[in-house]
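For reference, the structure is listed below as structure tokens.
The values are calculated or read from the model by the stated rules, or taken from the named source; none is laboratory data. Because the structure is a prediction, the values reported are computed rather than measured. Quick reminder, even Gly has a Cβ in these numbers, built from the backbone with ideal geometry, and neighbours come from all protein chains shown. Protein only, heavy atoms only, side chains kept; ligands, DNA and RNA dropped before computing areas. Shrake-Rupley method; radii C 1.70, N 1.55, O 1.52, S 1.80 Å.
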Amino acid sequence: MIAQNFGRWNPRRTWRTASNVDKVRLYTRQSFIMVAVVFGGFGAVTEIIADRYLSGVFLGISAGACVVAVSRMPDLGGVVAKPVQIPLAVMTLSAFCSAGIALGSNGENGPYFWLAAILVVPLAGLTSLRWLIVGSVAAGVVLGLLAGPESGVSVGIVAGFMGLTVYMSVWLLRMVTELDEARGAAAALSVAEERLRFSRDLHDVVGRALSAIAVKSELAATLSRRGDDRAAAQMDEVRELAQDSLDEARELVRGYRSIALASELAGAQSLLEAAGISTAIRGSADQLPVELAEAAAWVVREGVTNILRHSSAENCCIEVLADGVVIANDGARIAEPNNGTGLNGLRERVGAVGGTVETVQDEDRFTLTTHFPSRTKESR
């Protein structure tokens with residue numbers, strides 16, 4: 001899921017605004033492409049200088065096929081959804097042609113060094129470390145027999161080093177991607193748990209009342225058929241039950257029965273740290289007056305939701321002041337158009353108690369500041 005979108009080159013999205021996984025994938029892919037381009041270019045030049053023009057052409061074709069293969073391999077940061085077998089076959093065949101031409105002209109200093117570095121890059125993304133080592137040793141031995149010990153040792157060392165480097169880069173990229181997916185799964189799990197809790201509370205409040213209403217309505221209907229005057233009293237009770245149920249449902253929807261600033265602060269720290277975000281809580285719920293505590297709790301809830309959904313934060317600070325709440329985090333991304341429904345709703349809630357909400361983004365740091373009007377603090 002993540003691997004399908006990350007690492008795609010988009011001129012409208014700069015390095016500064018990309019997520020950490022985007023940066024790792026882009027860096028990995030571009031590094032491998034740079035290896036193929038630089039080594040292929042230098043190798044082609046050396047072959048031309050040695051008057052092996054056709055060998056240089058084949059080496060350049062091999063380097064180009066390597067670039068195409070890298071762009072198609074997700075393990076190397078590629079995202080092009082096309083088969084990788086054709087560029088790999090072209091790369092390998094061209095490499096053999098280039099090496100064969102050099103060997104045919106008794107070239108002890110052929111393009112073997114450059115070819116070893118180019119071939120290993122995509123192949124390391126398809127095989128295990130054990131086979132990379134075996135292949136490097138085998139390539140060194142074969143070339144040592146054909147072109148001399150010096151060339152064999154050089155190719156074996158280059159192939160082994162490049163193979164190990166590419167293998168470790170692929171492993172790191174996989175770990176970063178899996179950790180980011182785990183982080184997203186943790187956030188989704190927290191949302192799912194909150195929905196389950198809400199549905200359970202809604203069932204407890206509304207389900208019980210509706211059951212009572214159904215029973216009393218049936219009783220009232222039975223009494224009414226008999227002409228019993230108690231039917232009117234039963235319907236009055238039904239009306240009272242319906243009104244009480246409506247009030248409880250409104251209270252539940254508005255604040256999950258009650259939304260306390262202290263519990264929101266504790267829950268925010270637990271949720272963010274579970275998502276791998278280092279969180280610092282400064283101040284306490286006691287610093288705000290009682291009539292402002294619920295609005296402040298909504299600020300904390302919405303702020304934490306935005307951090308999980310719209311950033312790749314690593315650090316967050318939530319500060320409770322005597323006149324407001326400040327939430328700051330790093331890893332902020334450029335805000336997308338028409339994506340401010342949550343903040344608009346938060347402004348309405350805070351505005352209902354005379355407060356204001358301000359947002360400031362400075363490069364990758366985002367700050368949500370809420371100011372409340374000065375009020376006399378009540379005892380809790």
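With part of a helix (DSSP H, G or I), open to solvent by 40 Å² or more (accessible area, probe 1.4 Å) and polar (S, T, N, Q) as the only criterion, which of Ser62, Ser154, Ser98 stands out?
Working: Ser62 fails: open to solvent by 40 Å² or more (accessible area, probe 1.4 Å); Ser98 fails: open to solvent by 40 Å² or more (accessible area, probe 1.4 Å).
One residue alone meets the criteria, Ser154.
Using the structure shown, decide if Phe96 is in contact with a helix residue (DSSP H, G or I) (Cβ under 7 Å, 6 or more places away or on another chain) and among the aromatic types (Phe, Trp, Tyr). Before you say what the answer is, go through the steps one by one.
On the way: in contact with a helix residue (DSSP H, G or I) (Cβ under 7 Å, 6 or more places away or on another chain): no; among the aromatic types (Phe, Trp, Tyr): yes.
The answer is no for Phe96.
Report whether or not Ala280 is surrounded by fewer than 15 Cβ atoms within 10 Å (Cβ to Cβ), at pLDDT 85 or above and more than 21 Å from Leu343 (Cα to Cα). Before the answer, list the steps.
Details: surrounded by fewer than 15 Cβ atoms within 10 Å (Cβ to Cβ): yes; at pLDDT 85 or above: yes; more than 21 Å from Leu343 (Cα to Cα): yes.
For Ala280, the condition - surrounded by fewer than 15 Cβ atoms within 10 Å (Cβ to Cβ), at pLDDT 85 or above and more than 21 Å from Leu343 (Cα to Cα) - is met.
Can you tell me how many residues within segment 351-375 are assigned to a loop (DSSP other than H, G, I, E, B) and farther than 15 Å from Val300 by Cα? Even if it seems obvious, please write down each step before you answer.
To start, the set of residues in segment 351-375 that are assigned to a loop (DSSP other than H, G, I, E, B) comprises 352-355, 363-364, 372-375.
From what's left, farther than 15 Å from Val300 by Cα: 352-354, 363-364, 373-375.
Residues meeting the conditions: 8.
When you go through (1) touching a helix residue (DSSP H, G or I) at 6+ places or on another chain (Cβ under 9 Å); (2) more than 23 Å from Gly41 (Cα to Cα) one by one for Pro149, which number turns out not to apply?
(1)
Looking at segment 37-95 only, could you name the residues that are among the polar types (S, T, N, Q) and in contact with a Cys (Cβ under 9 Å, 6 or more places away or on another chain)?
Passing the criteria: Ser55, Ser62.
For Arg195, indicate whether it is at pLDDT below 80, open to solvent by 70 Å² or more (accessible area, probe 1.4 Å), under 29 Å from Pro83 (Cα atoms) and in a helix (DSSP H, G or I).
No, not satisfied.
Could you go through segment 234-248 and let me know if any residue there is assigned to a loop (DSSP other than H, G, I, E, B), modelled with pLDDT of 75 or more, among the aliphatic types (A, V, I, L, M) and within 47 Å of the chain's Cα centre (by Cα). Even if it seems obvious, please write down each step before you answer.
Residues of segment 234-248 that are assigned to a loop (DSSP other than H, G, I, E, B), as a first pass: none.
No, segment 234-248 has no match at all.
Pull out all pairs, ordered by first then second residue, where Cβ-Cβ is under 8 Å, the residues are six or more apart or on different chains, the first lies in segment 131-142 and is within 16 Å of Tyr167 (Cα to Cα), and the second is assigned to a helix (DSSP H, G or I) and open to solvent by 50 Å² or more (accessible area, probe 1.4 Å).
Short answer, once both residue conditions are applied: Leu132/Leu123; Leu132/Leu164; Leu132/Tyr167; Gly135/Leu123.
Determine whether segment 284-304 contains at least one residue that is modelled with pLDDT of 75 or more and over 25 Å from Gly354 (Cβ atoms).
No, segment 284-304 has no match at all.
Between a residue in segment 342-363 that is farther than 20 Å from Asp323 by Cβ and any residue that is open to solvent by 90 Å² or more (accessible area, probe 1.4 Å) and among the basic types (Lys, Arg), which pairs come within a Cβ distance under 8 Å, given they are 6 or more apart or on different chains?
Every condition considered, the pairs that remain are Glu363/Arg16.
Answer yes or no as to whether Ser105 is modelled with pLDDT under 80, open to solvent by less than 80 Å² (accessible area, probe 1.4 Å), over 45 Å from the mean Cα position of the chain (by Cα) and not acidic (Asp, Glu).
yes
Scan segment 334-345 and give yes if some residue there is at pLDDT 85 or above and either surrounded by 15 or more Cβ atoms within 10 Å (Cβ to Cβ) or under 24 Å from Ser270 (Cβ atoms) (or both), otherwise no.
Checking segment 334-345: not a single residue is at pLDDT 85 or above and either surrounded by 15 or more Cβ atoms within 10 Å (Cβ to Cβ) or under 24 Å from Ser270 (Cβ atoms) (or both).
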